[in-house]
1. Rounded, prolate or oblate: which one fits chain A, using the alpha carbon gyration tensor with axes a ≥ b ≥ c (rounded when a/c is under 1.5, else prolate when a/b beats b/c, else oblate)?
2. If you rank B:TYR58, B:TYR70 by fewest surrounding Cβ atoms within 10 Å, what's the result?
3. Rounded to the nearest 10 degrees, what's the angle between the helix A:3-15 long axis and the longest principal axis of chain A, both from Cα atoms, 0 to 90?
4. Could you give the size of the charge dipole of region B:23-101 about its Cα centre, using +1 on the Cβ of each K and R and -1 on the Cβ of each D and E, expressed in debye and rounded to the nearest 20?
5. Give the calculated FRET efficiency between B:HIS86 and A:ARG45 to the nearest 0.05, with a Förster radius of 41 Å applied to their Cβ-Cβ distance.
6. Can you tell me the orientation of helix A:26-66 relative to chain A, as the angle in degrees between its alpha-carbon axis and the longest Cα principal axis, to the nearest 10?
7. If neighbour count is taken as other Cβ atoms inside 10 Å, put A:TRP84, B:TRP61, A:TRP62, A:TRP69 in order from fewest to most.
8. Toward the positive end of the charge dipole of chain A, about the Cα centre and with charges on Cβ (Lys, Arg +1; Asp, Glu -1), which of A:LEU52, A:GLN42, A:GLY17 goes farthest?
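Laboratory data are not the source of any read-out in this text; all were calculated from the coordinates shown. Source: prediction; values computed, not measured. Cβ atoms come from the backbone with ideal geometry, glycine included; neighbour counts cover every protein chain shown.
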Amino acid sequence: MSFPDRKETEVRRMLEGPHPALPPDLAGRAAERGRRMLRRHQVVRTVGWLLLLAAVVAFAVWAAIVEPWTAPPPTDTTPPLEGW
Amino acid sequence: MVRDRRAARDGRRAREFEAFVAGAGGRLLHAAALLTGEPTGDTEAAERLLTAALARTYARWDRLRGEDPYDHTRRTLAALFAHRGHRYRHPRGGTLARLTPQERLVLVLRLYEGVAEEQTAAALGLPAERVRAICTRAVTAMRSAAPRRGATGTPPSAGTPPSAGTSPSAGTPSSTGRPAATGAAGTGAAAGTGSGAEAGAGVAP
């Protein structure tokens with residue numbers, strides 16, 4: 001309708017040139033690369049879970065051996081002052 | 001059991017992806033070639049760019065959750081191009097050879113792909129006014145480069161740079177290239193209208 005619209009339509013027509021031919025193996029290459037990315041993500045996720053699991057196990061073993069909750073409660077009075 | 005299900009999912013994903021590339025690949029490659037500034041016959045960098053974008057779409061295929069794969073690929077393509085823009089500072093020809101990488105990106109997104117101004121701005125991380133200004137500047141540059149149609153009847157090869165010489169040949173086969181282009185655009189645009197809002201919302205924050 002307006003002036004800029006006509007200009008844009010003109011440029012739009014320029015952009016719609018002949019399409020380049022799509023290489024027949026492009027889809028295959030992209031899929032192969034995508035598969036590798038998926039596998040890599042999966043490996044990273046698996047390693048992350050394993051690390052978390054190892055950390056939990058290590059903490060449980062340490063807690064079972066040391067039993068930090070059985071330590072005597074801290075005294076709430078200061079020891080008597082002697083030899084002053 | 002789990003292995004069977006995974007194999008079935010891999011097969012389905014590969015089939016769907018192949019069909020998607022067969023349908024939309026030509027249009028996407030044309031957009032990539034416009035971005036990299038390569039002539040129609042030699043689109044090596046554009047193919048590399050598109051392969052990288054399509055690989056990301058493939059890796060995300062199962063988690064697209066109703067988003068149009070065309071939208072996703074286009075956004076990835078734009079992001080990859082913006083990220084590697086400095087590599088394409090010296091275009092080797094093509095329709096948009098005289099523009100800067102940013103102008104090419106805005107022009108392709110706005111005019112070739114018909115992405116809304118706000119979504120383009122969100123995708124590029126620019127204010128909408130800036131996108132409009134870049135677009136106007138690019139349109140002016142393109143029109144000053146193009147030979148006036150039917151102005152004085154001078155042949156387009158007379159005194160015009162070689163980049164401008166490609167545009168008349170780009171203009172004439174549009175009658176033959178149009179049905180294929182609109183067909184590919186139909187799949188993208190039809191689904192794009194539905195998911196456009198949420199795609200934009202995904203980019204906005």
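1. Details: a/c = 8.50, a/b = 2.60, b/c = 3.27.
Since a/c reaches 1.5 but b/c is at least a/b, the shape of chain A is classed as oblate.
2. Numbers: B:TYR58 27, B:TYR70 24.
Ascending number of Cβ neighbours within 10 Å: B:TYR70, B:TYR58.
3. For helix A:3-15, the angle is close to 90 degrees.
4. On the way: 13 positive and 8 negative charges, 59 e Å.
The dipole of region B:23-101 has a size of about 280 debye.
5. Working: r = 33 Å, r/R0 = 0.81.
So the FRET efficiency works out to roughly 0.80.
6. On a 0 to 90 degree scale, this one is about 10.
7. Values: A:TRP84 3, B:TRP61 20, A:TRP62 11, A:TRP69 6.
The order, fewest Cβ neighbours first, is A:TRP84, A:TRP69, A:TRP62, B:TRP61.
8. A:GLY17
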